[in-house]
Amino acid sequence: MAPSSKADKKAAVDAAAWMFNVVTSVGIIIVNKALMATYGFSFATTLTGLHFATTTLMTVILRWLGYIQASHLPLPELLKFVLFANFSIVGMNVSLMWNSVGFYQIAKLSMIPVSCLLEVVLDKIRYSRDTKLSIAVVLLGVGVCTVTDVSVNTRGFVAAVIAVWSTSLQQYYVHFLQRKYSLSSFNLLGHTAPAQAGSLLLVGPFLDYWLTNKRVDRYDYNLASIIFIILSCSIAVGTNLSQFICIGRFTAVSFQVLGHMKTILVLIMGFFFFGKEGLNMQVVLGMIIAVIGMIWYGNASSKPGGKERRSHTLPTARQQKHGGLTDSTEHDGKV
């Protein structure tokens, strides 16, 4: 296959992966908003556990059908990933409860520089000046859109720090584990989803009771709420899978930067479905700045020197078995 056709195919697959993630992520936000606001199902941690239980069921079926091959992930690596991922989920929920919306949004934005720091320290990634500036423009634009009132308290700050670092580490680990152990997105989900489902369903009801003072077993379930729960779980399968696909194909930083397009789309759809309340020049200006930053980032990071690894990558498990690092020069350039 000619290099140009290979590049075209990769670009098409990359675009499809991003679109898959955007559609499922925006879809689950809308469904969960209706489930919680309209039907009063405020048990976010338990619902996330149900999401991973449904994802586990999907991976079991695909493995039974032969679409997922047997793979190995060491138990210590699995436990570290689940620890980061669960602290991320719990931390974000607690941060939202204890902080103002403005500070919560600032905390979410800070995941990008933290993810950059992890890549610089752990992967020896070097960013060009244009790439750094484009990230700053995205942060500025999304901040203008979403940050309003900002108030800080000690426990809310601690929760936000835990949420930011655990989320950044979890997303870094998705890329790291796929690369090191030669795991596909389906393989990695097959290892991590059952552990996350079990732990979140065990802890979730107690955590949700602490956060909401309501018990999930005493919720007034009806046909409409059950349909929305099933719909949320179904969309979550696509959200979980598309996140692993995108981070595996790119990096956690690219996923965070371009992922803020979802924030813009959610704002636009909110204005479209729920009226123009809150739509003002500040929000519109922030959207424009953020989109310009995303386009600039995509262009800057794809250029030679835009985002490069300064040293050899870690050998994969498969390469280690063969006693050496093969094709290392293929990974030393743009990432």
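Restricting to the stretch 23-35, give me the number of residues that are at pLDDT below 85 and open to solvent by 20 Å² or more (accessible area, probe 1.4 Å).
Residues meeting the conditions: 3.
Just give me the residues in the stretch 149-171 being within 25 Å of I295 (Cα to Cα) and open to solvent by 20 Å² or more (accessible area, probe 1.4 Å), in sequence order.
Within the stretch 149-171, none qualify.
Can you tell which of V216, V174 is touching a residue at least 24 places away in the same chain (Cβ under 8 Å), hydrophobic (A, V, I, L, M, F, W, C) and over 21 Å from P76 (Cβ atoms)?
Working: V174 fails: over 21 Å from P76 (Cβ atoms).
Exactly one residue qualifies, and that residue is V216.
Among the residues of the stretch 36-49, is there at least one that is part of a helix (DSSP H, G or I), open to solvent by 20 Å² or more (accessible area, probe 1.4 Å), without any contact (Cβ under 8 Å) to a residue 40 or more places away in the chain and under 30 Å from N222 (Cβ atoms)?
Looking for residues that are part of a helix (DSSP H, G or I), open to solvent by 20 Å² or more (accessible area, probe 1.4 Å), without any contact (Cβ under 8 Å) to a residue 40 or more places away in the chain and under 30 Å from N222 (Cβ atoms), one finds at least one in the stretch 36-49, hence yes.
Check V94 against each of (1) without any contact (Cβ under 8 Å) to a residue 24 or more places away in the chain; (2) open to solvent by less than 20 Å² (accessible area, probe 1.4 Å) and name the one condition it does not meet.
Only one criterion in (1) without any contact (Cβ under 8 Å) to a residue 24 or more places away in the chain; (2) open to solvent by less than 20 Å² (accessible area, probe 1.4 Å) is unmet by V94, namely (1).
Which residues, counting only those in the stretch 130-171, are part of a helix (DSSP H, G or I), at pLDDT below 90 and among the polar types (S, T, N, Q)?
Passing the criteria: T131, S134, T146, T154.
Take the residues in the stretch 260-317 that are at pLDDT below 75 and touching a His at 6+ places or on another chain (Cβ under 8 Å), then tell me which one is surrounded by the fewest Cβ atoms within 10 Å (Cβ to Cβ).
Only one residue tops the list, namely H312.
Which condition breaks for R179 when tested against (1) charged (D, E, K, R); (2) open to solvent by 40 Å² or more (accessible area, probe 1.4 Å); (3) over 21 Å from the mean Cα position of the chain (by Cα)?
(3)
The values are calculated or read from the model by the stated rules, or taken from the named source; none is laboratory data. These figures come from a predicted structure and were not determined experimentally. All Cβ positions, glycine included, derive from the backbone under ideal geometry; neighbour counts span all protein chains shown. These area figures cover heavy atoms from the full protein model, side chains too; ligands, DNA and RNA do not enter into them. Shrake-Rupley method; radii C 1.70, N 1.55, O 1.52, S 1.80 Å.
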